[in-house]
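Please read the structure below before turning to the comments.
The values are calculated or read from the model by the stated rules, or taken from the named source; none is laboratory data. Computed from a prediction, not measured in an experiment: that's the story for all the values here. Note: ideal-geometry Cβ built from the backbone for every residue, glycine included; neighbour counts use all protein chains shown. These accessible areas exclude ligands, DNA and RNA; they are computed on the full protein's heavy atoms, side chains included. Shrake-Rupley method; radii C 1.70, N 1.55, O 1.52, S 1.80 Å.
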Amino acid sequence: MKFPEIDLSECILCEICVDVCPSVFKMSDAGYIEVADLSEYPPDEVEEAIKNCPADCIRWVRIPGIKK
């Protein structure tokens, strides 16, 4: 299974991912971007967030041993 991951050390907190894909990304109360815990992630919306991220800090990650 793939899920989106944000490299918080590279994130500039622009919130473009939140604007493009609010079902997956949100600003936490602590002031950083979080990825929602979903059983599936909308690939087109996540890809749009990846494409528009000015810091290039969002990527797909595979969970070892789980195919989907």
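Condition check for Y41 on (1) surrounded by fewer than 13 Cβ atoms within 10 Å (Cβ to Cβ); (2) in contact with a Phe, Trp or Tyr (Cβ under 8 Å, 6 or more places away or on another chain): one failure, at (1).
Residues that are in a loop (DSSP other than H, G, I, E, B), in contact with a strand residue (DSSP E or B) (Cβ under 9 Å, 6 or more places away or on another chain), open to solvent by 70 Å² or more (accessible area, probe 1.4 Å) and modelled with pLDDT under 95 are absent from segment 10-17.
If you filter segment 39-68 down to residues that are modelled with pLDDT under 95 and outside any strand (DSSP E or B), you find that the one that is nearest to the chain's Cα centre (by Cα) is E40.
Checking I6, I33, I63 one by one, the residue that is loosely packed, with under 11 Cβ neighbours inside 10 Å, touching a residue at least 24 places away in the same chain (Cβ under 8 Å) and either of a type outside the set (D, E) or on the phi < 0 side of the Ramachandran plot (or both) is I63 and no other.
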